[in-house]
1. Do you know which residues across segment 195-228 are assigned to a loop (DSSP other than H, G, I, E, B) and not aliphatic (A, V, I, L, M)?
2. Can you name the residue in segment 180-194 that is out of contact with any Leu (no Cβ under 8 Å at 6 or more places or on another chain) and not in a strand (DSSP E or B) and, of all such residues, is nearest to G165 (Cα to Cα)?
3. From the residues in segment 229-248 that are outside any strand (DSSP E or B) and β-branched (V, I, T), which one is surrounded by the fewest Cβ atoms within 10 Å (Cβ to Cβ)?
4. Output the residues belonging to segment 260-272 that are over 12 Å from G192 (Cα atoms) and of a type outside the set (S, T, Y).
5. Would you check if there is a residue in segment 181-192 being at pLDDT below 90 and not polar (S, T, N, Q)?
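The values are calculated or read from the model by the stated rules, or taken from the named source; none is laboratory data. From a predicted model like this one, the values you see are computed outputs, not experimental measurements. Positions of Cβ are generated from backbone atoms using ideal geometry, with glycine treated the same way; all protein chains shown enter the neighbour counts.
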Amino acid sequence: MKKDYFTIILIPHSSEKATYGLKVPRWLIHMALFVFVSSSVIFTASFLYSTRVTRKLVSYEVLKEEAKGQDKKIQHVSKQADALKIKLEELSSKEEQIRKMLGLGKSGKKEQSRQEAKEETVNDKLDGLNNKVSLRSASFDELKRSVKELQDRFSNTPSVWPSWGRIMSTFGYRVFPWRGFHSGIDINASHGAPIRATADGTVSLSSWKTGYGKTVMLDHGYGTQTLYGHCSSLLVVAGQKVKKGQLIARVGTTGYATGPHVHYEVIKNGRAVDPYPYLNLNFLSAGRQ
């Protein structure tokens, strides 16, 4: 028959002590094994679960901190984008003012208005701003070319006095010292005083000219020429490039002249015009040369 118990015998090392026997029911052994195995399984499962939960909590905290950092970065970039947008609008306003002053008209670059541009994300804002920057850059390149052309044209426009002195004879009809039409102005100056180019240009004549004596003529482009007559000496040669304010001759009495002075003409599209309005166009350098 199958026994219903196990006997556990305890044998002491000393022969003087008695041997003990302990009967343990079979069901108690089975229960103990069941409890041990169950406890092991539960402990292992609990350990694995707690480890997994701990890892998730750590990952969550890390992601939370990263999200906070990203939020701060997004807010910072968003503020920068808003500030850049305001600056672009101010720049656009100033550009239109400059264009209006120069008579260039509007840039013709259409941009979205605040109502039309529904920028919901920072990326949308940055994309929109990059597009605006590209448009504005192209517009400023166009403006720069226009200003450069205006600067070149102004550099080649007579705008300063050829020599400093009193105007002794004006442009137009006169009766003294010779009756007839006077095609320029006469500026009184001491003999040998400097005569300077009134604009950038190329020397088209540097020699004797009937009536004018020793004469310099400059071609400034855009259909404009200037003439400097009655010189005592010529300091440039035909074909030479000169700059506004450059010394080109000296005052004299050659040709039909009653005293030392420079006869100055401005010729526009082949016709002499009154030089007086051209004398002080360059306000920064007007006055004594």
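1. From segment 195-228, those assigned to a loop (DSSP other than H, G, I, E, B) are 197-200, 210-212, 222-223; that's our starting set.
Correct list: T198, D200, T210, G211, Y212, Y222, G223.
2. Pass one, segment 180-194, residues out of contact with any Leu (no Cβ under 8 Å at 6 or more places or on another chain): 180-183, 185-193.
From what's left, not in a strand (DSSP E or B): 183, 189-193.
Numbers: S183: 19, A189: 5, S190: 9, H191: 12, G192: 13, A193: 10 Å.
Top of the filtered list is A189.
3. So the first thing to find is which residues in segment 229-248 are outside any strand (DSSP E or B), and the list is 235-240, 243-246.
Filter once more, keeping what is β-branched (V, I, T): 236-237.
Working: V236: 18, V237: 10.
Out of the qualifying residues, it is V237.
4. The first filter runs over segment 260-272 and keeps only residues over 12 Å from G192 (Cα atoms), leaving 263-272.
Passing the criteria: H263, E265, V266, I267, K268, N269, G270, R271, A272.
5. First, the residues of segment 181-192 that are at pLDDT below 90: 181-183.
If we keep only those that are not polar (S, T, N, Q) too, we end up with 181-182.
Checked segment 181-192: at least one residue is at pLDDT below 90 and not polar (S, T, N, Q).
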